[in-house]
1. Nearest 5 is fine: what % of DSSP beta bridges in the range 3-223 come out antiparallel, could you say?
2. Net charge near residue 28, counting Lys/Arg +1 and Asp/Glu -1 over other residues with Cβ under 13 Å of its Cβ?
3. Compute the separation of the alpha-carbon centres of the range 35-114 and the range 243-286 and state it in Å as a whole number.
4. Positive end of the dipole of the range 234-324, charges at C-beta (+1 Lys, Arg; -1 Asp, Glu), about the Cα centre: which of 270, 254, 314 has its Cα farthest in that direction?
5. What FRET efficiency comes out for residue 130 versus residue 30 if R0 is 51 angstrom and r is the Cβ-Cβ distance? Round to the nearest 0.05.
6. Run the dipole for the range 185-325 about the Cα centre, Lys and Arg Cβ at +1, Asp and Glu Cβ at -1, nothing else charged, and hand back the magnitude in debye, nearest 20.
7. Given a cut-off of 31 Å, name the pairs among 85/285; 146/317; 210/317; 263/285; 210/294; 196/317 whose C-alpha atoms lie farther apart than that in the structure shown.
8. Looking at the range 113-152, which trypsin sites (Lys or Arg not before Pro) are in a loop (DSSP not H, G, I, E or B) and have at most 14 other Cβ atoms within 10 Å?
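Nothing in this text is a laboratory measurement; each read-out follows from the coordinates by a stated rule. Fair warning: this is a prediction, and the values are worked out from it, not measured in the lab. Counting neighbours? That spans all protein chains shown, and the Cβs are built from the backbone with ideal geometry, glycine included.
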Amino acid sequence: MSGQTERKYPGFYQYEYLFTVLVITFNRASLLKRALESITRQGTTDIEVIVVDDGSTDDTKEVVKRFKARTGLNLRYMWHDNCGKPASYNRALTKISGYFTIILDSDDVLSDHILPRLDYWWNTIPEEKRPFFAGVEGLCADLNTKKVMGDPFPWSPMDSDFLETRYRYGISGDKRHIMRTDVMREFPFPLFNGEKEMRESVIWCRMAHKYKFRYVNEIVQYCEQLPGGLTSRARERRLSSPNNFRLAFLELLNLHNTYLTPKDQYRAMVRYIRHSTCARISCIKQLADLVPAKRPMWFMAFPEGFIGALKDRLLVKRKFERERT
């Protein structure tokens, strides 16, 4: 390895590839081939692919096996009992051999030649600043309409972090990135027993205190919203993992509130109370876990948050009754 490579990619000597594409899938065999095909259109062979099968009961394994035999792609397949995306992500972190990692949902596709483009943007970051950057992030577009999902960045390239882009500039919508694998390993998902879902912003908020991203207005992935996908199951996900979602809003209020407007803070407090109540966290503990400056707002937001939790419990009860019949 040359000194030039080490300057471009600090710590590169620890890795075998420039890119790892991480695909976490569950019963998506019919769509997986489309996602994998998009990896073959990147114009580089400096890629490894890791497919993490989160307990699928369809023919995902055979699809992966046939695809690898046909394309010769450097592809590894891992299967484990269903444990949810956050736990699957954490398990995969120890297996990755690429300097950068990009997560590809099994129902999405990469833009053609986007990985070399993101690498180009990485190399526009001054060498002395690269240790303070986690990666390069771009946009998502709808697979069917080709329209950008959410907001573009106000300028491109833009050097910032998740908290500033989301709460200072109000940029919303799905985004995708390549990220240094060593940074990903610094920030695994927190896990709670019996809960399989997580509000992903919990790790982006933590990361924002230490690392920036270079944001660019280029489409990284095309995404398809499917029935039964993560987006369509938003309420179900929240109800099944209240402790995980509670943690996200607790940390947002206590640790990540620099750019939050009073309205943002109130909304976060309502959600904190809602998820805490669904997790059967007592009012005393809800208050105790907040920093003192936020406790008066708890009393203001409690009625709305508590009513939201009651509605959630009612929905769970109705679903349980439907399943029994």
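1. Details: 13 of 38 bridges.
Roughly 35 percent of the DSSP beta bridges within the range 3-223 come out antiparallel.
2. Working: positive: 33, 34, 61, 85; negative: 53, 54, 58, 59, 105, 107, 108, 224.
Combined, the nearby Lys, Arg, Asp and Glu give -4.
3. 34 Å
4. Most positive-ward Cα: 314.
5. Values: r = 40 Å, r/R0 = 0.79.
With a Förster radius of 51 Å, E is 0.80.
6. It comes to approximately 340 debye.
7. Details: 85/285 28 Å; 146/317 39 Å; 210/317 42 Å; 263/285 24 Å; 210/294 24 Å; 196/317 20 Å.
Flagged as over cut-off: 146/317; 210/317.
8. Values: sites: 117, 129, 146, 147; in loops: 146, 147.
Sites meeting the loop and neighbour criteria: 146, 147.
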